[in-house]
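Undergrad: Take a look at this one; I'll ask things after.
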Amino acid sequence: MEYELFVRDIQQILLKAQALETIRVDHNIKLKGVSGQEHQIDVYWEYRIAGVTHRVALECKLHKTKVDLSVVRDFWGVLDDIPGLRGVIISPVDFTSGAKTYATSKGIGLKVFREAKDTDYKGRLRAIHINVTARLPLNPRLQMNLDESWLASNLTPQRQEFIRRIESTSEIETQGVIIEDRDSGETILLSKLLDYLPVLELEDISGTHTWKKTFINGYWVYQLSQLELKLSSIKVDYEVGEATQQIVIDGGDIANTLVQDALEGTLLFVNEQGRVMGDIELEGIHY
C-alpha cells in the first residue's frame, strides 16, 4: 500500500511536468469489466488530449526480484476485460526478458520507480564543483599630499599647520569626504576608495602594493563643512589576501527518485519539489 501511494505521488509530479490535462488520479479503486467481474486497480489515471479521454491503470508490484511473465500475463487479463483501458506495471526492480517481450506484444508499459542510486548517474552529470576565489585589499594606508603653493596662498599659517597634522596622520577621516578631479570630472567617494585598488590583475599578490593618483586640478572636499583642499596626489599602500570557497551543485541532493522505462531504457530523475530531469525529450508523454 505504501509503495502504491509513492507511485501515485510520483505519477502526479510527472503529470504536472508533462502539462497534461489530468481529469483524475485515484488510488485503490475497482472497475467492472465486460465479464461482470470487478478488478482492483492500484492507481487509476484519466487524462485528456485534443478532447479525447485516455484511461490508464497502474499495477504496482513491490518485488525484490525481477517481475516475471506471469505478472504481466495476469494483468493483461484485467486489461482485456476492460475495453479502452491501457496498462502500466510499475516496480522497484527490473523485469524478465519474457515479461518484456509479452508486454511489448500487448502494448503494456513497464516502468521502474525507486530511490535513485549513485550508479544511476553513470555517464551523466552527477555534480558540478565550482571554485570561487575572491581577492581583497588588506590593511590600506592612505597618504594625502596637498598642493603647497595653494596652501600658502589660501590658508593662514595656523590653518596650514592644522591641515598638515591631518595630512600626516594615519587615521584620516573618510566619511563625508570626496576627491574631485576637476579636469576629468571624476569624483571618488573616499569611503569607496578600496574599490579602485588593483587586485584581480596582479600576477603576484605577495608583498606590499601601491596605488597612486596625481592631480593638476584635484581637490579633497569635506562635504559637511564645505572645506576644500587642493591635492597634488594621493597614495595607498596595501596588501592583498585571497579567500577560496567551493560551491557544489549535487544532482544526488536534488533528485531522490528514479523513473525508468524498462522497455525503452529512458531515465527520469524526480525530486520532492516537483523538478524532473533526465531523458525528458525521449520520454513519451503518455503511456
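Undergrad: For the stretch 24-39, give me each residue that is open to solvent by 60 Å² or more (accessible area, probe 1.4 Å) and more than 18 Å from residue 83 (Cβ to Cβ). Working first, answer last.
TA: If we filter the stretch 24-39 for residues that are open to solvent by 60 Å² or more (accessible area, probe 1.4 Å), which is where we start, we get 24, 28, 30, 32, 34-35, 37-38.
24, 28, listed by residue number.
Undergrad: Looking at the stretch 1-59 only, could you name the residues that are β-branched (Val, Ile, Thr) and over 34 Å from the mean Cα position of the chain (by Cα)?
TA: Restricting attention to the stretch 1-59, the residues satisfying the condition of being β-branched (Val, Ile, Thr) are 7, 10, 13, 22-23, 25, 29, 34, 41, 43, 49, 52-53, 56.
29, 34, 41, 52, 53, 56 - these are the residues of the stretch 1-59 that are β-branched (Val, Ile, Thr) and over 34 Å from the mean Cα position of the chain (by Cα).
Undergrad: Here's another thing I want to ask about it. Anything in the stretch 87-101 that is closer than 16 Å to residue 3 by Cα and outside any loop (DSSP other than H, G, I, E, B)? List them, or say none. Before the answer, list the steps.
TA: Initially, the stretch 87-101 is screened for residues closer than 16 Å to residue 3 by Cα, giving 88-94.
Matches in the stretch 87-101: 88, 89, 90, 91.
Undergrad: Six or more apart or on different chains, Cβ atoms under 9 Å: show the pairs whose first residue is in the stretch 91-104 and of a type in the set (Asp, Glu) and whose second is open to solvent by less than 30 Å² (accessible area, probe 1.4 Å).
TA: 94/67; 94/110; 94/112; 94/262
Undergrad: For the condition modelled with pLDDT of 95 or more and more than 37 Å from the chain's Cα centre (by Cα), what is the one hit in 75, 95?
TA: Numbers: 95 fails: more than 37 Å from the chain's Cα centre (by Cα).
Just a single option satisfies the conditions, and that option is 75.
Undergrad: Considering only residues of the stretch 102-146 that are outside any strand (DSSP E or B) and modelled with pLDDT of 90 or more, which is nearest to residue 87 (Cα to Cα)? If you could, list the steps in order and put the result at the bottom.
TA: First, the residues of the stretch 102-146 that are outside any strand (DSSP E or B): 102-108, 116-126.
After this cut, where a residue has to be modelled with pLDDT of 90 or more as well, the list is 102-108.
Numbers: 102: 13, 103: 10, 104: 11, 105: 13, 106: 10, 107: 8, 108: 5 Å.
The qualifying residue nearest to residue 87 (Cα to Cα) is 108.
Undergrad: Does residue 55 satisfy being assigned to a strand (DSSP E or B) and more than 17 Å from residue 259 (Cα to Cα)? Steps first, answer last, please.
TA: Numbers: assigned to a strand (DSSP E or B): yes; more than 17 Å from residue 259 (Cα to Cα): yes.
Here the answer is yes, as residue 55 does meet what is asked.
Undergrad: Across the stretch 9-33, what is the total count of residues that are out of contact with any Asp or Glu (no Cβ under 7 Å at 6 or more places or on another chain) and either free of Cβ contacts under 8 Å to residues at least 40 places away in the same chain or β-branched (Val, Ile, Thr) (or both)?
TA: The total comes to 11.
Undergrad: Let me ask another. Among the residues of the stretch 210-229, which ones are open to solvent by 80 Å² or more (accessible area, probe 1.4 Å) and aliphatic (A, V, I, L, M)?
TA: Selection gives 216, 224.
Undergrad: Collect the residues in the stretch 69-86 that are outside any helix (DSSP H, G or I) and buried (at least 18 other Cβ atoms within 10 Å of the Cβ), keeping them in residue-number order. Even if it seems obvious, please write down each step before you answer.
TA: If we filter the stretch 69-86 for residues that are outside any helix (DSSP H, G or I), which is where we start, we get 82-86.
Selection gives 82, 85.
The values are calculated or read from the model by the stated rules, or taken from the named source; none is laboratory data. Values in this document were obtained by computation on a predicted structure and should not be read as measured data. With ideal geometry, Cβ positions are generated from the backbone for all residues, glycine too; neighbour counts draw on all protein chains shown. Quick note on the areas: whole protein, heavy atoms, side chains included, nothing else; ligands and nucleic acids left out. Shrake-Rupley method; radii C 1.70, N 1.55, O 1.52, S 1.80 Å.
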